[in-house]
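A short write-up of the structure that comes next.
The values are calculated or read from the model by the stated rules, or taken from the named source; none is laboratory data. Every value quoted in this text rests on a predicted model; they were computed, and no experiment measured them. Cβ: placed from backbone, ideal geometry, glycine included. Neighbour counts: every protein chain shown. Note: areas computed on protein heavy atoms with side chains; ligands, DNA, RNA excluded. Shrake-Rupley method; radii C 1.70, N 1.55, O 1.52, S 1.80 Å.
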Amino acid sequence: MVEVEAVIWDFGGVLTSSPFEAFARYERQSGLPENFIRQVNSVNPDTNAWALFERAEIDAATFDALFTAESTALGHKVAGGDVLALLAGDLRPGAIAALKALKGTYRLGCITNNVPVGHGAGMAGTLEKAQAVGEVMTIFDHVIESSKIGIRKPDPRIYQLMCETLQVDPAACIYLDDLGINLKPAKAMGMRTIKVTSEAQLLEELGALLGRTWD
């Protein structure tokens, strides 16, 4: 097996708590079916409001209108603006510590599907949170934001672009993401992949692949 030279991270749901947790709370509070927001996002996944916004092809007002229409068509009206307010998760200190521990030993990349709302790459709701996210982003050797380049995961080009920038073969990479659909292209390119379900599981599986423990 090729020696690992780079570790590439998703951001939301990996280095932060998952926005899906916020979606679930919203659904319970609003009397919506479980996973309804994710259902809306899964219909026409390359051309729906979410896809267009992550490629920065529409603005927040247009996303609000389109998502509201899409959710209404599926039986429950959910304002797109309400969903955007749920996106920014909380930083996971253990994952951040692991990221810092790898700095200098491995090339580090971040590929994040995000939208042009809030503050900074993490779509933070406050400047204080944006500053904390910004400090994390400085740890990476390279960051790719879908809303800045007009390409979003799982488009294979976004992974290839990261490998080219880091000057590393995909077979020498580990890629972490909380969505299986985003892991498939990375795995097909030869990367070792980790589907993140929790901070503890992330640290355990990453440590196993790298043959190390975390302080």
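Selection of first residues in segment 26-39 that are on the phi > 0 side of the Ramachandran plot and of second residues that are surrounded by 14 or more Cβ atoms within 10 Å (Cβ to Cβ) and assigned to a helix (DSSP H, G or I), restricted to Cβ pairs under 9 Å at least 6 apart or on distinct chains, gives the following pairs, ordered by first then second residue: Asn35/Phe20; Asn35/Phe23; Asn35/Ala24; Asn35/Glu27.
Take Leu99 and decide whether it is modelled with pLDDT of 95 or more, in contact with a Gly (Cβ under 6 Å, 6 or more places away or on another chain), more than 19 Å from Ala51 (Cβ to Cβ) and open to solvent by less than 20 Å² (accessible area, probe 1.4 Å). The answer is no for Leu99. Of the residues contained in segment 31-52, none is found to be open to solvent by 30 Å² or more (accessible area, probe 1.4 Å), of a type in the set (Gly, Ala, Ser), within 21 Å of the chain's Cα centre (by Cα) and more than 19 Å from Leu179 (Cα to Cα).
Only one entry of Gly94, Gly89, Gly109 meets the criterion of being under 20 Å from Ala130 (Cα atoms) and more than 15 Å from the chain's Cα centre (by Cα), and that entry is Gly94. Exactly one residue out of Val143, Val136, Val168 is farther than 24 Å from Arg38 by Cβ and touching a Lys or Arg at 6+ places or on another chain (Cβ under 7 Å): that is Val168. Evaluation of Gly109 against the conditions (1) open to solvent by 60 Å² or more (accessible area, probe 1.4 Å); (2) closer than 30 Å to Gln167 by Cβ; (3) touching a residue at least 12 places away in the same chain (Cβ under 8 Å) shows that the sole unmet condition is (1).
Quickly run through segment 127-139 and pick out the residues that are free of Cβ contacts under 8 Å to residues at least 40 places away in the same chain and either assigned to a helix (DSSP H, G or I) or crowded, with 18+ Cβ neighbours inside 10 Å (or both).
Leu127, Glu128, Ala130, Gln131, Gly134, Glu135, Met137 - these are the residues of segment 127-139 that are free of Cβ contacts under 8 Å to residues at least 40 places away in the same chain and either assigned to a helix (DSSP H, G or I) or crowded, with 18+ Cβ neighbours inside 10 Å (or both).
Listed here are the helices (runs of 4 or more DSSP H) enclosed by segment 140-215 that have at least 3 residues being open to solvent by less than 40 Å² (accessible area, probe 1.4 Å) and either closer than 19 Å to Tyr106 by Cα or among the aliphatic types (A, V, I, L, M) (or both): 156-166, 199-210. Within segment 96-118, being outside any loop (DSSP other than H, G, I, E, B), closer than 21 Å to Ile181 by Cβ and not β-branched (Val, Ile, Thr) holds for Gly109, Cys110. Of all the numbered requirements in (1) in contact (Cβ under 8 Å) with a residue 24 or more places away in the chain; (2) closer than 21 Å to Asp46 by Cα, Ile149 misses one, and that requirement is (1).
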